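Each remark here refers to the structure printed beneath this line.
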Amino acid sequence: MSSPRIGFACQYRHPQRSLALAELKVIESALNPRTTTLRWMNSVEVHVAQQRLIEIVEHNLGAQLKLLAYVAELPAALRMLRLSSDLLPFYSHPQISAFYQQPEVVLKLSEGFAAIGALARSSGIRLSMHPGQYCVLGSDRPDVVENSLAEFEYHADMIRMMGYGVQFQDFKCNIHIAGRLGREGIRAVWPRLSQVARNCITFENDEKTYGVDDCLALADLAPVVLDVHHCWIHENDYIAADSERVSRIVDSWRGVRPTMHYSQPKEQLQEMGFSAEMKLEMDAVTQVVTKRDLYAHSDRMWNRWTNEYVAQFLDRFDVMFEAKHKNLATQEFYEQYLRG
């Protein structure tokens, strides 16, 4: 397999955290997306709302190019990025969707996303997206399913404009199974997804309801994204790197290098007596916090035991870090575990 990569999600964090908040905002906002609210758009005249949307879209496409340029200058092991889902506000909303079909807007989007895809490919950056929690393909409510299909196809449109979705897993677009109908609901709507969507979709295990085994039951449709933190919460222990289920997850990618997700619980556990060197045993941790408290992500990857555990997967997996300090967390991990 190819050499491992680790990546961060959606937002850039400047390394000099001692700067004034205003200074940090100026620096970081140039690389991070903006959005607006439907409430504000409904409070102004249509032409004012549309002009704001154009400004936001132009900023967001430019910001993604700047973010990619930053990633392109990093060592090869750090060239992995999850793009924001908020690049085109309300793209799938019935009230706004016609705006994005205007010829001049279509041209702007086509050119902007083509430039993003070209830069990623020329720089060897592995890209992904992750629709939010309201994208529930397994819902038992028809209206939620319709909205979820539209939301996923919004992502598929961005992927297509970037020049991806042409073949199986040339781009990863990840969702949780979710919804009362679960796996059966997803199988029912699967034929309604576009070919681009089916080429890119992956299924990730969650903390509460649909675990690794549920995702593996859909491996004939799409690859499984192993989230080791979710698995730890769901199963009360970390899945073994040499587990037969991990081998089945690798197989679900059909020759493409798998991606897994990695997060840790918040640093406050250190204040409760859990050192960075020790394995976080669920029985002990839940004596001082609830499982729901463990859902929140840490700023950095503070627990070294878990870092060393995840390092065992790097011979087979790329790893998407889900830490609040984004690129700063991946840079630290790289310095400690990957830098030759």
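Suppose we keep only residues that are more than 20 Å from I233 (Cβ to Cβ) and of a type in the set (D, E) within region 294-340. Which one would you say is surrounded by the most Cβ atoms within 10 Å (Cβ to Cβ)?
That would be D318.
Here's a check for you: in region 175-206, which residue that is among the hydrophobic types (A, V, I, L, M, F, W, C) and in a helix (DSSP H, G or I) is nearest to S263 (Cα to Cα)?
At the first step, the residues of region 175-206 found to be among the hydrophobic types (A, V, I, L, M, F, W, C) are 175, 177-178, 181, 186, 188-190, 193, 196-197, 200-201, 203.
Now narrow it down to the ones that are in a helix (DSSP H, G or I): 186, 188-190, 196-197, 200.
On the way: I186: 26, A188: 32, V189: 30, W190: 29, V196: 29, A197: 26, C200: 23 Å.
Looking at the filtered set, the residue picked out is C200.
So which pairs qualify, if the first residue must be in region 202-226 and over 20 Å from N236 (Cβ atoms), the second must be among the charged types (D, E, K, R), the Cβ gap must be under 6 Å, and the two must be at least 6 apart or on different chains?
Hits for this filter: T202/K172; A217/R183; L218/R183; V225/E204.
Can you work out which of the residues in region 81-116 that are out of contact with any helix residue (DSSP H, G or I) (no Cβ under 8 Å at 6 or more places or on another chain) and either basic (K, R) or over 17 Å from A49 (Cα atoms) (or both) is surrounded by the most Cβ atoms within 10 Å (Cβ to Cβ)?
Filtering region 81-116 for residues that are out of contact with any helix residue (DSSP H, G or I) (no Cβ under 8 Å at 6 or more places or on another chain) and either basic (K, R) or over 17 Å from A49 (Cα atoms) (or both), the one surrounded by the most Cβ atoms within 10 Å (Cβ to Cβ) comes out as R82.
Would you confirm whether any residue within region 80-92 is assigned to a helix (DSSP H, G or I) and either under 16 Å from D157 (Cα atoms) or not charged (D, E, K, R) (or both)? Even if it seems obvious, please write down each step before you answer.
Here is the first cut: in region 80-92, the residues assigned to a helix (DSSP H, G or I) are none.
Within region 80-92, none of the residues are assigned to a helix (DSSP H, G or I) and either under 16 Å from D157 (Cα atoms) or not charged (D, E, K, R) (or both).
Among the residues of region 192-211, write down those that are closer than 22 Å to W253 by Cβ and not aliphatic (A, V, I, L, M). Talk me through it step by step, then tell me what you get.
Taking region 192-211 first, the residues closer than 22 Å to W253 by Cβ are 193-206, 210-211.
Within region 192-211, S194, Q195, R198, N199, C200, T202, F203, E204, N205, D206, Y210, G211 meet the criteria.
Any idea which residue in region 275-287 is most open to solvent (accessible area, probe 1.4 Å), counting only those that are touching a residue at least 12 places away in the same chain (Cβ under 8 Å) and either in contact with a Leu (Cβ under 8 Å, 6 or more places away or on another chain) or assigned to a helix (DSSP H, G or I) (or both)?
D283
Just checking, how many residues over region 43-69 are part of a helix (DSSP H, G or I), over 15 Å from A115 (Cα atoms) and not polar (S, T, N, Q)? Outline the logic, then answer.
Keep residues of region 43-69 that are part of a helix (DSSP H, G or I), which gives 46-69.
With over 15 Å from A115 (Cα atoms) added as a condition, the list becomes 46-56.
Applying the additional criterion that residues be not polar (S, T, N, Q) yields 46-49, 52-56.
Summing the residues that are part of a helix (DSSP H, G or I), over 15 Å from A115 (Cα atoms) and not polar (S, T, N, Q) in region 43-69 gives 9.
Can you go through S3, S43 and tell me which one is over 26 Å from S110 (Cα atoms) and touching a residue at least 60 places away in the same chain (Cβ under 8 Å)?
Numbers: S43 fails: touching a residue at least 60 places away in the same chain (Cβ under 8 Å).
Every option except S3 fails the conditions.
Give me the residue from region 18-40 that is of a type outside the set (S, T, Y) and either touching a residue at least 24 places away in the same chain (Cβ under 8 Å) or in contact with an Asp or Glu (Cβ under 6 Å, 6 or more places away or on another chain) (or both) and, out of that set, most open to solvent (accessible area, probe 1.4 Å).
Our first condition is that a residue be of a type outside the set (S, T, Y); within region 18-40, this holds for 19-28, 30-34, 38-40.
Add one more test, that the residue is either touching a residue at least 24 places away in the same chain (Cβ under 8 Å) or in contact with an Asp or Glu (Cβ under 6 Å, 6 or more places away or on another chain) (or both), and what stays is 30-34, 38.
Numbers: A30: 33, L31: 27, N32: 12, P33: 28, R34: 126, L38: 41 Å².
Result: R34.
Say whether the condition of being part of a loop (DSSP other than H, G, I, E, B), in contact with a helix residue (DSSP H, G or I) (Cβ under 9 Å, 6 or more places away or on another chain) and either without any contact (Cβ under 8 Å) to a residue 60 or more places away in the chain or open to solvent by 10 Å² or more (accessible area, probe 1.4 Å) (or both) is met by at least one residue in region 229-237.
Going through region 229-237, the residues part of a loop (DSSP other than H, G, I, E, B) turn out to be 236-237.
The next check asks that each one be in contact with a helix residue (DSSP H, G or I) (Cβ under 9 Å, 6 or more places away or on another chain); those that pass are 236-237.
When the remaining residues are screened for being either without any contact (Cβ under 8 Å) to a residue 60 or more places away in the chain or open to solvent by 10 Å² or more (accessible area, probe 1.4 Å) (or both), the result is 236-237.
Taking every residue of region 229-237 in turn, at least one turns out to be part of a loop (DSSP other than H, G, I, E, B), in contact with a helix residue (DSSP H, G or I) (Cβ under 9 Å, 6 or more places away or on another chain) and either without any contact (Cβ under 8 Å) to a residue 60 or more places away in the chain or open to solvent by 10 Å² or more (accessible area, probe 1.4 Å) (or both).
May I ask you to list the residues in region 258-301 that are modelled with pLDDT under 95 and of a type in the set (F, W, Y)?
Residues satisfying the conditions are F274, Y295.
Restricting to region 159-198, what's the tally of residues that are open to solvent by 20 Å² or more (accessible area, probe 1.4 Å) and in contact (Cβ under 8 Å) with a residue 24 or more places away in the chain? Before you say what the answer is, go through the steps one by one.
From region 159-198, those open to solvent by 20 Å² or more (accessible area, probe 1.4 Å) are 160-161, 163-164, 166-168, 170, 176, 178-181, 183-184, 187-188, 190-192, 194-196, 198; that's our starting set.
In the following step, the residues that additionally are in contact (Cβ under 8 Å) with a residue 24 or more places away in the chain were identified as 160-161, 163-164, 166-168, 170, 176, 178-181, 183-184, 187, 190, 192, 194-196, 198.
Residues that pass the stated criteria total 22.
Being of a type in the set (D, E, K, R), in a loop (DSSP other than H, G, I, E, B), under 23 Å from G273 (Cα atoms) and more than 19 Å from the chain's Cα centre (by Cα), is that true of even one residue in region 304-324? Let's see the steps before the verdict.
Start the filter on region 304-324 by keeping residues that are of a type in the set (D, E, K, R), which leaves 304, 308, 315-316, 318, 322, 324.
Filter once more, so that each one left must be in a loop (DSSP other than H, G, I, E, B): 315-316, 322, 324.
Filter once more, so that each one left must be under 23 Å from G273 (Cα atoms): 324.
Okay, now just the ones that are also more than 19 Å from the chain's Cα centre (by Cα), so none.
Scanning region 304-324 turns up no residue that is of a type in the set (D, E, K, R), in a loop (DSSP other than H, G, I, E, B), under 23 Å from G273 (Cα atoms) and more than 19 Å from the chain's Cα centre (by Cα).
Going through region 245-274 one residue at a time, which ones are farther than 20 Å from I175 by Cα, part of a helix (DSSP H, G or I) and either touching a residue at least 40 places away in the same chain (Cβ under 8 Å) or of a type in the set (D, E, K, R) (or both)? Write out each step before concluding.
First pass over region 245-274, keeping only residues farther than 20 Å from I175 by Cα: 247, 255, 265-274.
Filter once more, keeping what is part of a helix (DSSP H, G or I): 247, 268-271.
The one that is farther than 20 Å from I175 by Cα, part of a helix (DSSP H, G or I) and either touching a residue at least 40 places away in the same chain (Cβ under 8 Å) or of a type in the set (D, E, K, R) (or both): E271.
For region 132-141, enumerate the residues that are surrounded by fewer than 21 Cβ atoms within 10 Å (Cβ to Cβ) and either under 19 Å from the mean Cα position of the chain (by Cα) or of a type outside the set (K, R) (or both).
Filtering region 132-141 for residues surrounded by fewer than 21 Cβ atoms within 10 Å (Cβ to Cβ) gives 132-134, 140-141.
Residues satisfying the conditions are G132, Q133, Y134, D140.
So, in region 155-174, of the ones that are in contact with a Leu (Cβ under 7 Å, 6 or more places away or on another chain) and not in a loop (DSSP other than H, G, I, E, B), which residue ends up farthest from A98 (Cα to Cα)? Break it down into steps so the answer makes sense when it comes.
We begin by selecting, within region 155-174, every residue in contact with a Leu (Cβ under 7 Å, 6 or more places away or on another chain); these are 158, 161, 171.
Restricting the remaining residues to those that are not in a loop (DSSP other than H, G, I, E, B) gives 158, 161.
Numbers: M158: 16, M161: 18 Å.
This residue is M161.
The values are calculated or read from the model by the stated rules, or taken from the named source; none is laboratory data. Since we're looking at a predicted model, the values are computed, not measured. Don't worry about glycine lacking a Cβ; one is built from the backbone with ideal geometry, like all the others, and counts go over all protein chains shown. Please note that ligands, DNA and RNA were not included when accessible areas were found on the heavy atoms of the full protein model with its side chains. Shrake-Rupley method; radii C 1.70, N 1.55, O 1.52, S 1.80 Å.
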